[in-house]
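These notes are about the structure you will find just below.
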Amino acid sequence: MPGKLKALQARDIPAPAGQIESATRYNADMTTACDASAYELHNPEAPDGVIFLCDHASNKVPEELGSLGLPPAEFERHIGYDIGAARLTRALADRFAAPAFIARWSRLVVDLNRGEDDPTVVMKLSDERIVPGNRDLDAAGIADRIARYHAPYHQAIAARIAESRGKGGFPVLISMHSFTPVWRGKPRPWHIGVLWDKDARLAKPLLARLHREGDIVAGDNEPYTGALANDCLYRHGTMNGLPHVLVEVRQDLIADEDGAARWAARLERILRDAIEAMGAPAIQFTRPLPAAKGPAMDEKTRTELEAAAFRRLVAHLRARTDVQNIDLMGLAGFCRNCLGDWYRESAAEKGITLEKDQAREIVYGMPPAEWKERYQKEASPEQQAEFAKAMSQKTHS
Ligand SMILES: [Zn+2]
């Protein structure tokens, strides 16, 4: 296995040091061995008010999978990737000074815009063409593809969103795709398609502005529908209650550098205007949140459950006075003080001002100084060393 991974990484597109560092950081809690090679994070240091996604960016296949039994010409066609989409996504992300998650491998390896349980997550048949390297793949083979090339992409996006939300952000997710001008012998009339599910916050103002341009034929949930359970935006947009939209651009418009640059400039203006028209960002759920069993969970119930878990954590920490803050920091990079600070920051987002010690007292159950007096022990050299190590890799605020 490690040999295979090495081969994968050796073929990786070299990225500036910053990108690799950042991509690794967002993957810090991953359990699968495969990592940044599943995607490229473009503009990793950019603020994440808008996050671009490009699921079908690439027509490359990891070396270990050969050519999936297909002649190379097949990868130049739309079945391998969304022609022009990566180019357009990069140009847009640069114009917005926004991060973009860009797939490294072809959709024929695994389709990042499908849920793990979707029967087409690994396509055995694409546009009436059998994919020999996928045809006989069993459940374990599919699970392996997902673990290596699908999970890292989605985990990284989820982590970036969580980080942004943790800082009080409401990232707008924009997923870029492209479609063929002709499908099964029939020309498609649209230049651009706006795909959405139930959250119309961004889709509607975007469609209105595209129509207003006069020379753009815009499809509303054309050429495809945006309602697909567990696709990329369902997972990261709908389930997080974040504003999102999927934009399909006709391939011939963005097939070369010039076309992509032209459409990026135009779409930047239109998208910015649509985002502004959306009003203040907020969390809005349009689909019931998943519950293991029983009735679907609404947002209020979810918040109550999260609060209950937090209270239990706090009660636990109050009881376990033997657990020192320095141990928590050394082991997990956070401690009681961090919890108090997170509480204070969340309160501040709602306009409630708490002093540092007031917020920490909610966690300690007494003034922090009193807890320190009663329970804090002298730190051993080992504890201090662990702590120093943890602080050197500390990624939370
Ligand atoms: Zn696509």
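The values are calculated or read from the model by the stated rules, or taken from the named source; none is laboratory data. Because the structure is predicted, anything quoted here is derived from the model rather than measured. When we count neighbours, we look across all protein chains shown, and the Cβ atoms used for this are built from the backbone with ideal geometry, even at glycine.
Would segment 120-130 turn up any residue that is in contact with a helix residue (DSSP H, G or I) (Cβ under 6 Å, 6 or more places away or on another chain), on the phi < 0 side of the Ramachandran plot and polar (S, T, N, Q)?
no
Got a number for residues in segment 49-74 being of a type outside the set (Lys, Arg), in contact (Cβ under 8 Å) with a residue 24 or more places away in the chain, within 19 Å of Ala255 (Cβ to Cβ) and away from the ligand (no atom under 15 Å from the Cβ)? Step through it out loud before you land on a result.
Taking segment 49-74 and keeping what is of a type outside the set (Lys, Arg), we get 49-59, 61-74.
Next, from what is left, pick out any that are in contact (Cβ under 8 Å) with a residue 24 or more places away in the chain: 49-59, 61-70, 74.
Subsequent filtering for residues that are within 19 Å of Ala255 (Cβ to Cβ) retains 54-59, 74.
From what's left, away from the ligand (no atom under 15 Å from the Cβ): 74.
So the count comes out to 1.
Only one residue in Arg87, Arg114 is within 16 Å of the ligand (Cβ to nearest atom) and either in a loop (DSSP other than H, G, I, E, B) or hydroxyl-bearing (Ser, Thr, Tyr) (or both), so which one is that?
Numbers: Arg87 fails: either in a loop (DSSP other than H, G, I, E, B) or hydroxyl-bearing (Ser, Thr, Tyr) (or both).
Result: Arg114 is the single residue among Arg87, Arg114 that is within 16 Å of the ligand (Cβ to nearest atom) and either in a loop (DSSP other than H, G, I, E, B) or hydroxyl-bearing (Ser, Thr, Tyr) (or both).
Go through (1) away from the ligand (no atom under 16 Å from the Cβ); (2) in contact with an Asp or Glu (Cβ under 7 Å, 6 or more places away or on another chain); (3) without any contact (Cβ under 8 Å) to a residue 12 or more places away in the chain and name the single condition Pro187 misses.
(2)
Sort through Val109, Val121 and tell me the only one that's in contact with a Pro (Cβ under 8 Å, 6 or more places away or on another chain) and buried (at least 18 other Cβ atoms within 10 Å of the Cβ). Spell out the reasoning first.
Numbers: Val121 fails: in contact with a Pro (Cβ under 8 Å, 6 or more places away or on another chain).
So the residue among Val109, Val121 that is in contact with a Pro (Cβ under 8 Å, 6 or more places away or on another chain) and buried (at least 18 other Cβ atoms within 10 Å of the Cβ) is Val109.
Going by what's in this entry, would Tyr343 be described as closer than 25 Å to Ala162 by Cβ, surrounded by 15 or more Cβ atoms within 10 Å (Cβ to Cβ) and of a type in the set (Ser, Thr, Tyr)?
On the way: closer than 25 Å to Ala162 by Cβ: yes; surrounded by 15 or more Cβ atoms within 10 Å (Cβ to Cβ): yes; of a type in the set (Ser, Thr, Tyr): yes.
Spelling it out, Tyr343 is indeed closer than 25 Å to Ala162 by Cβ, surrounded by 15 or more Cβ atoms within 10 Å (Cβ to Cβ) and of a type in the set (Ser, Thr, Tyr).
Name the single residue, out of those in segment 149-184 being more than 17 Å from the chain's Cα centre (by Cα) and in a strand (DSSP E or B), that is farthest from the ligand (Cβ to nearest atom).
Of the residues in segment 149-184, the ones more than 17 Å from the chain's Cα centre (by Cα) are 178-184.
Subsequent filtering for residues that are in a strand (DSSP E or B) retains 178-179, 182-183.
On the way: Ser178: 7, Phe179: 7, Val182: 16, Trp183: 13 Å.
Per the criteria, the residue is Val182.
What is the number of the single condition among (1) within 23 Å of His316 (Cα to Cα); (2) at pLDDT 90 or above; (3) assigned to a loop (DSSP other than H, G, I, E, B) that Ala379 does not meet?
Looking at each condition in turn, Ala379 falls short on (2).
Consider Val217 against the criteria (1) surrounded by 20 or more Cβ atoms within 10 Å (Cβ to Cβ); (2) hydrophobic (A, V, I, L, M, F, W, C); (3) closer than 18 Å to Arg262 by Cα: it satisfies all of them except one. Which criterion is unmet?
(1) is the only condition that Val217 fails.
Only one of these is within 16 Å of the ligand (Cβ to nearest atom), surrounded by 15 or more Cβ atoms within 10 Å (Cβ to Cβ) and closer than 20 Å to His78 by Cα: Leu253, Leu233. Name it.
Working: Leu233 fails: closer than 20 Å to His78 by Cα.
Of Leu253, Leu233, the one residue that is within 16 Å of the ligand (Cβ to nearest atom), surrounded by 15 or more Cβ atoms within 10 Å (Cβ to Cβ) and closer than 20 Å to His78 by Cα is Leu253.
Considering segment 219-249 alone, what residues qualify as being in a loop (DSSP other than H, G, I, E, B), hydrophobic (A, V, I, L, M, F, W, C) and at pLDDT below 95?
Taking segment 219-249 first, the residues in a loop (DSSP other than H, G, I, E, B) are 221-231, 237, 241-243.
If we keep only those that are hydrophobic (A, V, I, L, M, F, W, C) too, we end up with 227-229, 242.
Correct list: Ala227, Leu228, Ala229.
Name the residue, out of Ile142, Ile146, Ile102, that is assigned to a strand (DSSP E or B) and aliphatic (A, V, I, L, M). Walk me through how you get there before you give the answer.
Numbers: Ile142 fails: assigned to a strand (DSSP E or B); Ile146 fails: assigned to a strand (DSSP E or B).
Result of the check over Ile142, Ile146, Ile102: Ile102.
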